[in-house]
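Trainee: Structure incoming, see below.
The values are calculated or read from the model by the stated rules, or taken from the named source; none is laboratory data. Quick caveat, the model's predicted, so the values are computed rather than measured. Here the Cβ is made from the backbone with ideal geometry for all residues, glycine too, and neighbour counts use every protein chain on show.
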């Protein structure tokens, strides 16, 4: 390559770890020295504003808009994202060229050995509408307090008593070499966020060389599952305020997509599961089924039946 291939990323420790993973995979796939790939950290609004929940100040775009701009304007050649932080509808000028093999999709609970063991009235630190609703559904006595920041920041806030417990994605802890932190929550107990545990790499849609270069490290099965989960969000017309959980996986060559929609307070919910071979068709069918059965408080958070 005439110059290094520029990999854009947020500057958090986890984001940089994910970007370096992408660089290692690209280097191995193409037989290049790692120096052929340059990590370009870009500060996002989501990193700068830490005192308010994302849903209140612009949602997932706060993680992506600066990277989108840098990519479209040619300042970087690709952008690495946690796929759960990427908006469902993307600019036409941008293409998802690769989704890396998924890591552990589960949540890890910090501050108690189990959800059942949390003290009566314990304060759960989270700014995720999904996590808040799921915890309220299981334990209506719990108090939800806003909590944002990277892994160390959130752990420190537990130490200072800002919350009694919190939840972190197991995949992020695993990638940071901290798999021992907290205890895993089974997905049967707490279904994860759509795309949780998956890393995506975006390029300019009109750049066939970058599409081919990055496409070499795409993990086909993970892509199919993540795109099905994203298709479910699109079919639901879900936004950053919508408490929705979803997880797709292959079982014997057949995809199974499970999902849960909740009211904000967790008092009402609807769950569903379908299996098939076409992930997008599966997602659309499951969305219709869930919305047909959803109680009014759940529907209020989803565009398809909000009226």
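Trainee: Please go through segment 75-115 and pick out each residue that is in a loop (DSSP other than H, G, I, E, B) and within 22 Å of residue 155 (Cβ to Cβ). Please lay out each step first, then the result.
Mentor: First, pick out the residues of segment 75-115 that are in a loop (DSSP other than H, G, I, E, B): 75-77, 86-93, 100-106, 111-115.
Answer for segment 75-115, where residues must be in a loop (DSSP other than H, G, I, E, B) and within 22 Å of residue 155 (Cβ to Cβ): 103, 104, 105, 106, 111, 112, 113, 114, 115.
Trainee: Now, a different point. Please enumerate the residues belonging to segment 211-230 that are surrounded by 23 or more Cβ atoms within 10 Å (Cβ to Cβ) and closer than 12 Å to residue 279 by Cβ.
Mentor: Passing the criteria: 222, 225, 226, 228, 229, 230.
Trainee: Can you tell me which residue is farthest from residue 144 (Cα to Cα) among those in segment 254-271 that are touching a helix residue (DSSP H, G or I) at 6+ places or on another chain (Cβ under 6 Å) and free of Cβ contacts under 8 Å to residues at least 60 places away in the same chain?
Mentor: Filtering first and then ranking leaves 255.
Trainee: What are the residues in segment 7-17 that are in contact with a helix residue (DSSP H, G or I) (Cβ under 9 Å, 6 or more places away or on another chain) and within 18 Å of residue 70 (Cα to Cα), if any? Show your work before the answer.
Mentor: So the first thing to find is which residues in segment 7-17 are in contact with a helix residue (DSSP H, G or I) (Cβ under 9 Å, 6 or more places away or on another chain), and the list is 7-15, 17.
Matches in segment 7-17: 7, 8, 9, 10, 11, 12, 15.
Trainee: Considering only segment 275-307, how many residues are buried (at least 19 other Cβ atoms within 10 Å of the Cβ) and free of Cβ contacts under 8 Å to residues at least 60 places away in the same chain?
Mentor: As a first pass, look at segment 275-307 and keep what is buried (at least 19 other Cβ atoms within 10 Å of the Cβ): 279, 282-283, 286-287, 290-291, 294, 298-299, 301-302.
So of that shortlist, the ones also free of Cβ contacts under 8 Å to residues at least 60 places away in the same chain come out as 279, 282-283, 286-287, 290-291, 294, 298-299.
Here the count works out to 10.
The rows are residues; the columns are (1) under 21 Å from the mean Cα position of the chain (by Cα); (2) crowded, with 19+ Cβ neighbours inside 10 Å.
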site: 98; (1), (2): yes, yes
site: 112; (1), (2): no, no
site: 131; (1), (2): yes, yes
site: 135; (1), (2): yes, yes
site: 142; (1), (2): no, yes
site: 161; (1), (2): no, no
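Trainee: Checking residue 260 against (1) at pLDDT 95 or above; (2) touching a strand residue (DSSP E or B) at 6+ places or on another chain (Cβ under 7 Å); (3) part of a helix (DSSP H, G or I); (4) more than 23 Å from residue 98 (Cα to Cα), only one condition comes out false. Which one?
Mentor: The one condition residue 260 does not meet is (3).
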